1. Looking only at the range 44-75, which residues are open to solvent by 10 Å² or more (accessible area, probe 1.4 Å) and either aromatic (Phe, Trp, Tyr) or not in a loop (DSSP other than H, G, I, E, B) (or both)?
2. Here are some conditions: (1) among the β-branched types (Val, Ile, Thr); (2) open to solvent by 50 Å² or more (accessible area, probe 1.4 Å); (3) without any contact (Cβ under 8 Å) to a residue 40 or more places away in the chain. Val122 meets all but one. Which one does it not meet?
3. Mind listing just one residue for me: the one in the range 103-119 that is open to solvent by less than 10 Å² (accessible area, probe 1.4 Å) and not aliphatic (A, V, I, L, M) and, of those, farthest from Leu52 (Cα to Cα)?
4. Out of the range 64-78, which residues are under 20 Å from Arg21 (Cα atoms), within 13 Å of the chain's Cα centre (by Cα) and at pLDDT below 95?
5. Scan the range 23-35 for residues that are open to solvent by 20 Å² or more (accessible area, probe 1.4 Å) and closer than 24 Å to Arg162 by Cα and report the count.
6. Return the residue satisfying two criteria in turn: it lies in the range 82-102 and is over 12 Å from the mean Cα position of the chain (by Cα) and loosely packed, with under 15 Cβ neighbours inside 10 Å, and of such residues it is nearest to Val27 (Cα to Cα).
7. Of the conditions (1) open to solvent by 60 Å² or more (accessible area, probe 1.4 Å); (2) more than 15 Å from Val158 (Cα to Cα), Asp38 fails just one. Which one is it?
Amino acid sequence: MTLHTRQFTSTLAVRDGGDGRTLVGPVLPWGIEARVVDAGRMVTETFERGALHGTDPALVPLTALHPRDAGTLPIGVMVELEDRADAAWGAWRVSKTTVGDEVLELARDGVTLGLSIGFAEVPGGSRWSPDRQRVARTRALLDHVAVVRAPAYAGAGVVGVRTSADARPILLLLLTLLRRHG
């Protein structure tokens with residue numbers, strides 16, 4: 001199984017209340033082109049809405065870097081995955097570890113944090129152009145989500161630290177949309 005990784009960046013805000021250990025944001029924008037390496041060559045890739053349908057969030061770890069091997073420990077776990085009109089949005093419970101605390105502190109300080117997915121192709125889930133220079137992903141198996149500095153997909157990433165179970169980062173969504181559409 002070949003594991004592919006993709007990433008993108010966004011803005012951040014922090015909300016009050018709760019324990020503040022849940023990161024939220026769009027993890028994969030629909031229809032946004034990215035130049036990525038696939039099988040050793042550069043291609044243009046997009047993901048279609050619903051490509052992550054059926055993913056069990058409880059099985060998707062959050063990592064501070066893309067895992068290089070089975071020894072790379074996660075810093076948390078996905079607790080929500082929502083298919084919205086603009087992107088697949090997620091929420092990740094960050095564990096109280098040294099690296100987890102560092103990531104949360106960066107987020108609270110307003111440091112732009114990107115999100116990067118690791119995924120496996122699903123049979124029949126990729127539509128390639130005849131010249132194999134472009135691919136639209138219609139289905140993919142989400143393996144992990146990494147917090148990164150420089151992601152592949154523009155326009156999204158960590159947009160907030162949810163500090164209560166019911167809080168939604170509506171203001172952050174508006175800020176993200178304003179940045180995208182001026």
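The values are calculated or read from the model by the stated rules, or taken from the named source; none is laboratory data. Since the model is a prediction, treat every value here as computed from it, not as a measurement. FYI the Cβ positions are ideal-geometry reconstructions off the backbone, even for glycines, and counts take in every protein chain you see. Calculation scope for accessible area: heavy atoms of the full protein, side chains included, ligands and nucleic acids excluded. Shrake-Rupley method; radii C 1.70, N 1.55, O 1.52, S 1.80 Å.
1. Passing the criteria: Thr44, Thr46, Pro57, Ala58, Leu59, Pro61.
2. So the condition that Val122 fails would be (2).
3. Gly114
4. Answer for the range 64-78, where residues must be under 20 Å from Arg21 (Cα atoms), within 13 Å of the chain's Cα centre (by Cα) and at pLDDT below 95: Ala64, Leu65.
5. First, pick out the residues of the range 23-35 that are open to solvent by 20 Å² or more (accessible area, probe 1.4 Å): 30-33, 35.
Restricting the remaining residues to those that are closer than 24 Å to Arg162 by Cα gives 30.
Here the count works out to 1.
6. Quick first cut of the range 82-102, residues over 12 Å from the mean Cα position of the chain (by Cα) only: 83-86, 93-102.
Next, from what is left, pick out any that are loosely packed, with under 15 Cβ neighbours inside 10 Å: 84-85, 96-98, 101-102.
Numbers: Arg84: 11, Ala85: 13, Lys96: 22, Thr97: 22, Thr98: 23, Asp101: 20, Glu102: 20 Å.
Within the range 82-102, the match that is nearest to Val27 (Cα to Cα) is Arg84.
7. Among (1) open to solvent by 60 Å² or more (accessible area, probe 1.4 Å); (2) more than 15 Å from Val158 (Cα to Cα), Asp38 violates only (1).
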